[in-house]
Amino acid sequence: MEIQNFSTKNFDFINYINCSEQQCRTILHYRNLKDISKWMRNSSEISIDQHLSFINELKDDNDRKYFAVFQDNKYIASIYLTKSKGGLWERGIYIIPDFQNKGFATLIEREFITKIKSLGIDTLIAEIDKNNLSSIRFHEKLGYKPIKEENNYIWFILNENEMLNQIRLGGGYVIDNYAFINFTSLSIENKEEVLTWRNHPSIRKWMFNSNKISISEHLSFVDSLNNNIFKSYWKISYQNADVGCCYIDNIDYESKSGEIGLYYRPDKQNHSVFGIDFVYNIYNFMFNALKLNILYGDVKQDNSNSLSLAEFLGAIKISEYQYKGEKIYRLMISSITFNSISKESVCPRNYLKFIKNNYIIK
Ligand SMILES: CC(C)(COP(=O)(O)OP(=O)(O)OC[C@H]1O[C@@H](n2cnc3c(N)ncnc32)[C@H](O)[C@@H]1OP(=O)(O)O)[C@@H](O)C(=O)NCCC(=O)NCCS
């Protein structure tokens, strides 16, 4: 992402890499004040040489953008973005002490957000020390929501990303007679039920962790999904009958990609809805409801059912590797490929033809 200097109604935002040496020294002076640095992840004092070499590194760094904020040529704040997990941007901010509690952070943040939105950034993360109560209050007022606590920090998120809201808020989604209910919204009975499917030998054998999962492990896993914006699990029903599950893991919000997994309800595998229609509708959900652009999936070589269904729907093998003595294919499919397939062509006759041409007669 390219952002150089810019001005808003009230402030001039100067990229650190464009600051004069005198400005760099002023920034460092405030950065090293105890009341500012104590809230930094690296709270130790920084020397001018370290500071200048840090600024030098920023010149070639697309994943870190630091701005000094001036009003009438007076330095009053720094605000910065660093690329974080899953392609999300983490935002840091501090106001020099004499200017705190006067509404500056609120105004700077608002004007900064308007600018970065115009560059396509719709989500910000802030990782805040649990004891930094004024910062927590400030973020809450701006509309940031807490999503998880880790070590001594609380993660806050300010988000207008539709996909992230779908993942974060759980709930359900109905699309073409299929209902997708997030695991976090399931009743305890339903949670137990999806575990019995997952633990069935005919499903487990295709999983990378093929161990049986205990109910307590399962419940604490489902609970952990409440605080995880990088993975999401869904129970699927068709015309009100439960038919299976799907999930998306390692979500990257920048490329809108993730790793897909799915399994059928084992006692219903011969139901006519299974197979192509089931997988087609999961892809449809991921691409057209969750709005992902690319799906990756790892499938064991022997799992020809899964492989052929994915390839029939447009997935391609992009690499292969060995895992516990088995060959694994890494597959990829894009929303463009998937959406170019007509729904009518996704029928048993064409699938059988595809199998004959690609899997039996080589
Ligand atoms: C956290 C921090 C960024 C907040 O900046 P700030 O400029 O003081 O924030 P604001 O002034 O916009 O808002 C803070 C308070 O000022 C009040 N305020 C807003 N406008 C005001 C005005 N015009 N006059 C007087 N007070 C005002 C707000 O109501 C708010 O008070 P409240 O929380 O009790 O309601 C700042 O305290 C800071 O830099 N702290 C040290 C570093 C740090 O913690 N950074 C964040 C790390 S995640």
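The values are calculated or read from the model by the stated rules, or taken from the named source; none is laboratory data. Because the structure is predicted, anything quoted here is derived from the model rather than measured. In this analysis, Cβ positions are derived from the backbone assuming ideal geometry, glycine residues included, and neighbour counts consider all displayed protein chains.
Does the range 128-136 include one or more residues that are near the ligand (Cβ under 7 Å from one of its atoms), among the β-branched types (Val, Ile, Thr) and at pLDDT 95 or above? Yes, the range 128-136 has at least one match. Applying the criterion of being away from the ligand (no atom under 13 Å from the Cβ) and acidic (Asp, Glu) to the residues of the range 51-100, the residue that is surrounded by the most Cβ atoms within 10 Å (Cβ to Cβ) is ASP61. Checking every residue in the range 207-215 against the condition of being surrounded by fewer than 17 Cβ atoms within 10 Å (Cβ to Cβ), modelled with pLDDT of 90 or more, farther than 14 Å from LYS268 by Cα and of a type outside the set (A, V, I, L, M) gives at least one match.
Any residue in the range 155-175 that is within 14 Å of the ligand (Cβ to nearest atom) and loosely packed, with under 15 Cβ neighbours inside 10 Å?
From the range 155-175, those within 14 Å of the ligand (Cβ to nearest atom) are 155-158; that's our starting set.
Pick out the ones that are also loosely packed, with under 15 Cβ neighbours inside 10 Å and you get none.
No, the range 155-175 contains no residue that is within 14 Å of the ligand (Cβ to nearest atom) and loosely packed, with under 15 Cβ neighbours inside 10 Å.
The C-beta contact set for the range 124-137 (first residue closer than 8 Å to PHE156 by Cα, second residue of a type in the set (Val, Ile, Thr), distance under 7 angstrom, 6+ apart or interchain) comprises ILE125/ILE157; ILE128/ILE136; ILE128/ILE154. Scanning the range 94-112 for residues that are without any contact (Cβ under 8 Å) to a residue 24 or more places away in the chain and in contact with a strand residue (DSSP E or B) (Cβ under 8 Å, 6 or more places away or on another chain) returns ILE95, PHE99. Sub-8 Å Cβ pairs linking a first residue in the range 23-50 that is under 27 Å from ASN151 (Cα atoms) to a second residue that is acidic (Asp, Glu) and within 13 Å of the ligand (Cβ to nearest atom), at least 6 apart or interchain, are TRP39/ASP129; ARG41/GLU127, ordered by first then second residue. The residue that is surrounded by the fewest Cβ atoms within 10 Å (Cβ to Cβ), counting only those in the range 306-358 that are assigned to a helix (DSSP H, G or I), aliphatic (A, V, I, L, M) and in contact with a helix residue (DSSP H, G or I) (Cβ under 6 Å, 6 or more places away or on another chain), is ILE355.
For LEU28, the conditions (1) within 16 Å of the ligand (Cβ to nearest atom); (2) surrounded by fewer than 16 Cβ atoms within 10 Å (Cβ to Cβ); (3) aliphatic (A, V, I, L, M); (4) modelled with pLDDT of 95 or more are fulfilled apart from (2).
Within the range 295-310, does at least one residue satisfy the condition of being within 20 Å of the chain's Cα centre (by Cα) and within 17 Å of PHE183 (Cβ to Cβ)?
We begin by selecting, within the range 295-310, every residue within 20 Å of the chain's Cα centre (by Cα); these are 295-298.
Going one step further and asking which of them are within 17 Å of PHE183 (Cβ to Cβ), we end up with none.
The answer is no; no qualifying residue exists.
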